[in-house]
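J.: Structure provided below as structure tokens; questions to follow.
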Amino acid sequence: MRRGQKSQASTEIDRLAEYLMVNFQSEIGKGNRREGESAVDIALRLLEKLREVLGEASGKGEYLE
């Protein structure tokens, strides 16, 4: 990965974290309380919850270990 790509990825993760803090405050801290939970972890957990609510197949993807 080139330096510019990594910088853009970090910027996008920061943007995701800010969005989650503003719009999903009540979800912060519900995941892995012992080790903490990154913005990406929260987003994946919420997407999995949405999948369940919508009634789609419930298998966890390879990124949700």
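J.: Being in a loop (DSSP other than H, G, I, E, B), among the basic types (Lys, Arg) and surrounded by 10 or more Cβ atoms within 10 Å (Cβ to Cβ) is the filter; apply it to segment 16-65 and report the residue that is modelled with the lowest pLDDT.
T.: Lys60
J.: Determine the pairs where a residue that is more than 23 Å from Ser10 (Cβ to Cβ), located within segment 25-50, has a partner that is modelled with pLDDT under 85 with Cβ atoms under 7 Å apart, the partner being 6 or more residues away or on another chain.
T.: As it stands, the answer is Glu48/Lys60; Glu48/Leu64, since those pairs meet every condition given.
The values are calculated or read from the model by the stated rules, or taken from the named source; none is laboratory data. As the structure is a prediction and not an experimental result, all values here were calculated from the model. Cβ atoms come from the backbone with ideal geometry, glycine included; neighbour counts cover every protein chain shown.
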